[in-house]
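Some notes on the structure that comes next.
The values are calculated or read from the model by the stated rules, or taken from the named source; none is laboratory data. The shown structure was predicted, so the numbers you read here are calculated from the model rather than taken from an experiment. Methodologically, a virtual Cβ is constructed for each residue, glycine included, from the backbone with ideal geometry; neighbour enumeration extends over all protein chains shown.
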Amino acid sequence: MLYTRTSAKALLNASELELYDMGRREMLARLDRRTLVVKVMRTRRLRDKYRDLFRRQRLATRDRTGSKRGASGIANMRTREKAELFGELLAGFEAQLAKVDAAAKLAAQREAKARAAAARAARKGPSGKAGPAAAPSGKGRLKASASPRAKSAVAKRQLQKTRMVSIHAHVRSQGQRNQAKRDRRRS
């Protein structure tokens, strides 16, 4: 049940109505992340307050009336409506906060990509080819005249660093086990 401002005004006090007004669609779009976090916390606190109050009132009504559900006509309905209203309001604030966070994350990713592209462009020389700064350094770098044995040793070290040897061994042994199962079925 969506609440209109008129029905909300009948239920809420002035400070709660101000929070309701901040939760309206046109106002939500204007709020920054910090404000949204504060509004989420405040709305959650109010929702929990009215939900717990309704639960206590329902238990008291159950004792008084003897009904199993603790409901007797319109008793405690105002408190229940307030809890529902703040639940809907909280959902709206949380959805907007998720949108703001997603937009900030996307902007950060774009900025990181732009920085990485700028760094790659800076490493390349004026001719557009990679310069000496882009060449690999350390143990993985080989001279053009390196022997095939040295090249295979470097390749082997690279595979060990990336766990490719153990992964390939696992795949190979799994294939051997599957073949053995097939052979057993045939005999």
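Specify which of the listed residues (Gln109, Gln96, Gln57) is of a type in the set (S, T, N, Q) and in contact (Cβ under 8 Å) with a residue 60 or more places away in the chain.
Gln96
Can you tell me which residues in region 65-122 are over 18 Å from Arg51 (Cα atoms) and over 31 Å from the mean Cα position of the chain (by Cα)?
Matches in region 65-122: Thr65, Gly66, Ser67, Lys68, Gly73, Ala121, Ala122.
Looking at Lys139, Lys151, which one is over 30 Å from Lys39 (Cβ atoms) and either at pLDDT below 65 or in the same structural domain as Arg24 (by TED's automatic domain parsing) (or both)?
Within the list Lys139, Lys151, the selection yields Lys139.
Can you name the condition, by its number, that Glu16 falls short on among (1) more than 13 Å from Leu85 (Cβ to Cβ); (2) of a type in the set (D, E, K, R); (3) surrounded by 15 or more Cβ atoms within 10 Å (Cβ to Cβ)?
The single condition Glu16 does not satisfy is (1).
Looking only at region 123-136, filter to residues that are surrounded by 10 or more Cβ atoms within 10 Å (Cβ to Cβ) and more than 39 Å from the chain's Cα centre (by Cα); which one of those is modelled with the lowest pLDDT?
Gly131
Might you check whether a residue that is of a type outside the set (D, E, K, R) and surrounded by 12 or more Cβ atoms within 10 Å (Cβ to Cβ) occurs anywhere in region 100-111?
yes
How many residues are surrounded by fewer than 17 Cβ atoms within 10 Å (Cβ to Cβ) and in contact with a Lys or Arg (Cβ under 9 Å, 6 or more places away or on another chain) when one looks only at region 36-48?
Residues that pass the stated criteria total 0.
Need the failing condition index for Leu31 against (1) over 29 Å from the mean Cα position of the chain (by Cα); (2) in a loop (DSSP other than H, G, I, E, B); (3) surrounded by 12 or more Cβ atoms within 10 Å (Cβ to Cβ), just the number.
Of (1) over 29 Å from the mean Cα position of the chain (by Cα); (2) in a loop (DSSP other than H, G, I, E, B); (3) surrounded by 12 or more Cβ atoms within 10 Å (Cβ to Cβ), only one is false for Leu31: (1).
Just one of Arg55, Arg78 is assigned by TED's automatic domain parsing to the domain that holds Asp101, more than 30 Å from Ala103 (Cβ to Cβ), surrounded by fewer than 17 Cβ atoms within 10 Å (Cβ to Cβ) and in contact with a helix residue (DSSP H, G or I) (Cβ under 7 Å, 6 or more places away or on another chain); which is it?
Just one listed residue meets the conditions, Arg78.
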